[in-house]
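Structure, as structure tokens:
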């Protein structure tokens, strides 16, 4: 019998440990892996059963053929179902969001598409905020309709009233199966009231039909916003971003109640959208520095946003730290968010030509899509990440040709500002 602290304990004595401490060992027992201080990389497709009876028992649980006994868990079968690296990672991911369970995927879009396909069926309506990430926009508007699922978008900057207005239409209200929210919105940083959406989902639910609220929390990551605490049923991440955070992997996460995540995992098994052991191992490495990186990025973004706000060639800055006091959006930010994060969008005086001159003149910032990495990135949403969004809808969402999106990294803020200054001088 091991005398070590239980691998699933979150306390030392009577003291609850902080998430950044739990990232160093939660869910892992070194004595089961030859004393290795870090979880080994389990590059295996299949696992050996001790007996035929054990294999039968594992499959019965995996396929829901019987109810497990108290404390009984699915054993290791095949890495499309489960793998030690993914199981340890999923345990640790639950800590930041205080979730019951997590499921990891090989991309953010895999997490989103698997989750939506798990809970939506022909005839359903998914009511969603706009703008969302370009890939999500395409999934909602072009892929789901092929399966008889109707997408209905409302503008994020329309607030709760926009959602309420949409469900006045009975053809929408009677068929809503899910509210899907990305907040802050990509790339405008517009906020959506998660608690208000949760309340709407509850009002739309009735006996035999539960309307779910799914929230894409990628922009603020696990540190600066916790949607489950505000009533969301499922929180989604592109773990490529802050969770991975080094621009060297692609991954996604879905978190929520055990019964919901179990359904997602069952569908994940059939679709084969799970993360690989290598991806899981690399994400565990990244989780150890998540708070350090995100805190540094958030602090750097404050300096950058202040600089941009005062520059004569910048027309408008979209940054949560600059929301005017005594406004409804500022009140929502204070209630829902813990920090403004490190995403900034801004509009240059001019249009696409001026935006391209600026982007082409950058030296320290990398001209690349994605976000949340250690290096600072700059991109042009209208022609890059959101280029497949209908042009008229794009303008209505606030994504203009003069908009540039920045993801702030961990470089020295004075160097970032110097790069922005010289690039703006070239406009």
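The values are calculated or read from the model by the stated rules, or taken from the named source; none is laboratory data. Just so you know, these numbers come straight off a predicted model, no measurement behind them. Positions of Cβ are generated from backbone atoms using ideal geometry, with glycine treated the same way; all protein chains shown enter the neighbour counts.
Worth pointing out:
- Positions within the stretch 133-151 being over 21 Å from the mean Cα position of the chain (by Cα), crowded, with 17+ Cβ neighbours inside 10 Å and over 19 Å from residue 234 (Cβ atoms), in sequence order: 150
- Residues being farther than 24 Å from residue 272 by Cα, outside the structural domain of residue 102 (by TED's automatic domain parsing) and touching a helix residue (DSSP H, G or I) at 6+ places or on another chain (Cβ under 7 Å) are entirely absent from the stretch 41-59.
Here's the yes/no breakdown for (1) within 30 Å of the chain's Cα centre (by Cα); (2) part of a helix (DSSP H, G or I); (3) surrounded by 12 or more Cβ atoms within 10 Å (Cβ to Cβ); (4) at pLDDT 90 or above:
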site: 3; (1), (2), (3), (4): no, no, no, no
site: 6; (1), (2), (3), (4): yes, no, no, no
site: 21; (1), (2), (3), (4): yes, yes, yes, yes
site: 25; (1), (2), (3), (4): yes, no, yes, yes
site: 28; (1), (2), (3), (4): yes, no, yes, yes
site: 32; (1), (2), (3), (4): no, yes, yes, no
site: 35; (1), (2), (3), (4): no, no, no, yes
site: 40; (1), (2), (3), (4): yes, no, yes, yes
site: 43; (1), (2), (3), (4): yes, no, yes, yes
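- Selected residue (criterion: farthest from residue 301 (Cα to Cα)) from residues of the stretch 392-427 that are in contact with a strand residue (DSSP E or B) (Cβ under 8 Å, 6 or more places away or on another chain) and assigned to a helix (DSSP H, G or I): 393
- Test for residue 181: is it outside any helix (DSSP H, G or I), at negative phi, more than 13 Å from the chain's Cα centre (by Cα) and buried (at least 22 other Cβ atoms within 10 Å of the Cβ): no
- Any hit, the stretch 345-352, residues being surrounded by 20 or more Cβ atoms within 10 Å (Cβ to Cβ), modelled with pLDDT under 95 and not in a helix (DSSP H, G or I): no
- Test: residue in the stretch 117-134 that is touching a helix residue (DSSP H, G or I) at 6+ places or on another chain (Cβ under 6 Å), closer than 24 Å to residue 223 by Cα, touching a residue at least 60 places away in the same chain (Cβ under 8 Å) and not in a loop (DSSP other than H, G, I, E, B): yes
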